[in-house]
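The values are calculated or read from the model by the stated rules, or taken from the named source; none is laboratory data. For clarity, every value in this text was computed on a predicted model and none was experimentally measured. Cβ coordinates were reconstructed from backbone atoms using ideal geometry, including for glycine residues, and neighbour counts include every protein chain displayed. What goes into the accessible areas is simple: the full protein's heavy atoms, side chains included, and nothing from ligands, DNA or RNA. Shrake-Rupley method; radii C 1.70, N 1.55, O 1.52, S 1.80 Å.
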Amino acid sequence: MNDNASKVKELEFEKVLWWIVIFLSALNIYGDNLEQLFFKNNNIGAEKKAKKIFIFTITVSLIIYLYYVYRNYKYYSVSKFKRNETFLYLIRLIGSIFVVVGVIFILYYEVKEKTPVGTPTI
């Protein structure tokens with residue numbers, strides 16, 4: 001497979017990821033509505049459901065971000081052989097690793113936190 005065909009295939013896959021992100025955003029909006037129900041009516045069931053939704057969306061987001069770390073590592077590795085802007089690809093890789101670490105911290109917090117505090121932000 002030539003380089004252009006490979007890039008097109010990669011972009012098609014990333015389109016699917018964007019649709020998943022849109023779906024996750026809609027789920028987070030629903031989770032926010034459940035949180036409002038909890039704060040207005042003290043509905044514990046709504047809070048528990050919202051927490052499950054948030055944990056699910058963060059977990060799926062983590063998987064997506066791990067794909068981007070893999071992709072950025074692949075780009076960085078290729079750039080070393082081409083000697084083409086290797087530093088910029090390294091910065092991109094490090095940035096994506098920071099995002100993954102941040103998402104792991106947010107997921108840990110969301111799983112361990114027992115008091116409702118609202119939507120986790122990623």
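Counting only residues that are among the charged types (D, E, K, R) and under 24 Å from Ser96 (Cα atoms), the range 26-74 holds 2 of them.
Suppose we keep only residues that are among the hydroxyl-bearing types (Ser, Thr, Tyr) and modelled with pLDDT under 90 within the range 70-122. Which one would you say is surrounded by the most Cβ atoms within 10 Å (Cβ to Cβ)? Residue satisfying both the conditions and the ranking: Ser79. Scanning the range 61-117 for residues that are in contact with an Asp or Glu (Cβ under 7 Å, 6 or more places away or on another chain) and touching a residue at least 12 places away in the same chain (Cβ under 8 Å) turns up just one, Pro116. Among the residues of the range 21-42, those identified as over 23 Å from Tyr68 (Cβ atoms) and either open to solvent by 90 Å² or more (accessible area, probe 1.4 Å) or in contact (Cβ under 8 Å) with a residue 24 or more places away in the chain (or both) are Ile29, Tyr30, Gly31, Asp32, Glu35, Gln36, Phe38, Phe39, Lys40, Asn41, Asn42. When restricted to residues that are open to solvent by less than 30 Å² (accessible area, probe 1.4 Å) and under 16 Å from the mean Cα position of the chain (by Cα), the range 43-61 contains 5.
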